[in-house]
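Each remark here refers to the structure printed beneath this line.
Read-outs: derived from the displayed coordinates by stated rules, not from any lab. Everything quoted here is computed from the prediction, not taken from an experiment. All Cβ positions, even for glycine, are placed from backbone atoms using ideal geometry, and neighbour counts span all protein chains on display.
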Amino acid sequence: MELAYYSDYAVRLVNTEEPARGKDTLTSVEAVRELFGANQPAARRATDADVTRFRSVRARLRAVFEAADAGDETLAVDLLNSLLLEFPVSPQISGHDFRDDDGRPLWHMHLADHPSNATAGYAAIAAMGLAFHLTEYGVDRLGLCEAAPCRNAYLDTSTNRSRRYCSDRCATRANVAAYRARKRLETARPDSTGLAADSAQPSSAQGERRPGLSGR
């Protein structure tokens, strides 16, 4: 569904913070405006007061991803519904793109917001986009990166629901870490062949002494 595109708004906002690393890039009104991307009219509404408001919405969106990642489907939906109720949007038909053959508008659904501030507008679009993604693809398509300590949010769009990391970089880092852990385990594991040989030697030595004992 085309409206699921707006779910990226939620991912962008959640990933402005990496709690495990103590990182937070949402520290200025300029950072808030960058989140809007090409939606410049909405970005221009942002003020310094939106920094704190955006952080509050970010925490609530992360809670949705955390619930989904933990397999608590009902909690994820309840948390998202609370955002939808607080930050409503007005769907509208838009035709700013045109067909190649006859020049007629390429009609599609668009989320129009009429907020009192930039945070309300962004939160409305992010929550609605995430809701469309969840209902279209399933709650298990919302995840948090397994490459500790990252835990960035991601939307799984793979055909076999196999995504576990937020990026190729994190996937590579996790694979390298797993490989090194296996090598360390192999190095620390005792050499069973050597132990078997050592255990066999006392028995062999006893066997060599037996003729001497019997000859007495």
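Counted by Cβ distance under 12 Å from Pro149, the other residues give a net charge of +2, where Lys and Arg count +1 and Asp and Glu count -1.
Site pair Ala181 and Ser167 shows an inter-label distance of 2.2 nm when each label is modelled 7 Å from Cα along Cα→Cβ.
Contact order for segment 129-182, expressed relative to its length and based on alpha carbon pairs under 8 Å spaced 6+ residues apart, stands at 26 percent. By its C-alpha gyration tensor, with a ≥ b ≥ c as the square roots of the eigenvalues, how is segment 2-166 shaped: rounded for a/c under 1.5, else prolate for a/b larger than b/c, else oblate? Oblate shape, in that a/c is at least 1.5 and b/c is the bigger or equal ratio.
Modelled spin-label separation between Asn39 and Asp140, with each label point placed 7 Å from Cα along the Cα-to-Cβ direction: 3.1 nm.
Using Cα pairs closer than 8 Å and at least 6 residues apart in sequence, work out the relative contact order for segment 2-166, in percent. If you can, show how the numbers build up before the last one.
Values: 252 pairs, mean separation 49.8, N = 165.
Reported relative contact order: 30 percent.
Placing +1 on each Lys and Arg Cβ and -1 on each Asp and Glu Cβ, with no other charges, gives segment 2-166 a dipole about its Cα centre of roughly 380 debye.
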